[in-house]
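Read through the structure below, which is laid out as structure tokens, and then see the notes.
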Amino acid sequence: MKNILALGSILLMLLLVACGKEEPSSQGVQAAGSVSSQGAQTDGTLSSQGSRTAEKPKAQNSLWDAASPGTSMISFSCFDGKSGYTAYEHEEREQLLAELKATPAKRLDAIPYDRIKYPVYGNWIGTKDGRGLQMIWTNGILITRDGEAYEFDFDWEKLTAREWTQKRELSGLVEIPGAYYLMNQSGQWNFSLMTAAEPEKAPADIEMIIKNHSRESVEVSLKNAGKEVWTYGADYSLKVLNGESWYAVPTIPTENWGFVSIGYELAPQQSADRTYSLAMFGELPAGKYKLNVNGCEAEFELP
């Protein structure tokens, strides 16, 4: 009888093996990881509380491939035609970046100027090479820092409702990187999108005269007719005339434009010649312009 029982046990085990069945492991977890001992799937689909874990959106465009969220912050700008702000985020930049990369982008042959309207949104994030990525968006159109246009259907408005770590107010659309492409439309300024410049308080006894000018640069002569030393910096700006009002000229965002932090001195009854490059203002349309150097201004015209 014992021999018969032993033979029966051997036959039953062979039958189980032939059918592909195995006994559960001592920990009660399948080798494929379908269910954990806590009742949760080991592939991360369900948590132990029965809710789904967050998954990053899958990338559908390559516009932000050069971004380096681990070494830089991300900024968001908005302007509705009257007011606006730029906000900065340190904590959730990777998730925000993932959402931007998951949005489909279709390249356009040119910027559709007839679709530009408020509100306008901007986005910036650093890159490993230090150049940074700049984007500006209006009415479904995304424009890169190099002037390439894309159809880009992203819900920018939802970003205005979130809590940002830092915010600063904007004086106008001109302060959003990339605004140049909205304002300079095929060689014509769109003054409806530009910011009227506030009157400047000219420094006493200082005169600036235009000696030579072109679309590339302006050469000036600065003269101090006073009795005190005049100190001024390397920074300067440009304005363009429309009717009786002057408007701030935006910089083209193809480079990270900036000025050296340095001070110059012009002694009493002395003159100094300086040349100011216009490269940062891109292709300037014909018109009357005004160069501003620390409040000292002089006008010139481009045909």
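Subtract the Cα-Cα distance of Arg274 and Glu219 from 0.36 nm times their separation in residues, and report this length gain in nm to one decimal.
19.2 nm
Which GluC sites (Glu not before Pro) does region 164-219 hold that lie in a coil by DSSP with at most 12 other beta carbons within 10 Å? Each step should come with its number before you reach the end.
Working: sites: Glu169, Glu175, Glu200, Glu207, Glu216, Glu219; in loops: Glu200, Glu216.
For GluC sites (Glu not before Pro) across region 164-219 that sit outside H, G, I, E and B with at most 12 neighbouring Cβ atoms in 10 Å, the list reads Glu216.
Taking region 74-131, which GluC sites (Glu not before Pro) meet the DSSP loop condition and have no more than 16 other C-beta atoms within 10 Å?
Details: sites: Glu89, Glu91, Glu92, Glu94, Glu99; in loops: Glu91, Glu92.
Qualifying residues, ordered by number: Glu91, Glu92.
Assuming R0 = 41 Å, can you tell me the calculated FRET efficiency for the pair Glu99 and Glu299, based on Cβ-Cβ distance, to the nearest 0.05?
0.30
Do any GluC sites (Glu not before Pro) in region 222-282 lie in a loop, going by DSSP, with at most 12 other beta-carbon atoms within 10 Å of their beta carbon, and if so which?
On the way: sites: Glu228, Glu244, Glu255, Glu265; in loops: Glu228, Glu244, Glu255.
In loop regions of region 222-282 (DSSP not H, G, I, E or B), the sparsely surrounded GluC sites (Glu not before Pro) are Glu228, Glu244, Glu255.
Provide the net charge surrounding Pro104, with neighbours chosen by a C-beta distance below 13 Å and charges set as Lys +1, Arg +1, Asp -1, Glu -1.
+1
How charged is the neighbourhood of Thr275? Take every other residue with its Cβ under 12 Å from the Cβ of Thr275, and add Lys/Arg as +1 and Asp/Glu as -1.
That works out to -1.
So which of Lys128/Lys158; Lys201/Lys290; Lys101/Lys158; Lys117/Lys288; Lys167/Lys290; Lys58/Lys117 end up more than 20 Å apart by C-alpha?
Result: Lys128/Lys158; Lys117/Lys288; Lys167/Lys290; Lys58/Lys117 exceed 20 Å.
Stretched out fully, how many nm does the piece from Met73 to Gln185 gain, at 0.36 nm a residue minus the Cα gap?
37.2 nm
Please compute the contact order of region 117-257 in relative form: average sequence separation of alpha-carbon pairs under 8 Å and at least six residues apart, divided by the residue count, as a percent.
Contact order relative to length: 19 percent.
Laboratory data are not the source of any read-out in this text; all were calculated from the coordinates shown. Here the structure is a predicted model, which is why all the values come from computation and not from measurement. FYI the Cβ positions are ideal-geometry reconstructions off the backbone, even for glycines, and counts take in every protein chain you see.
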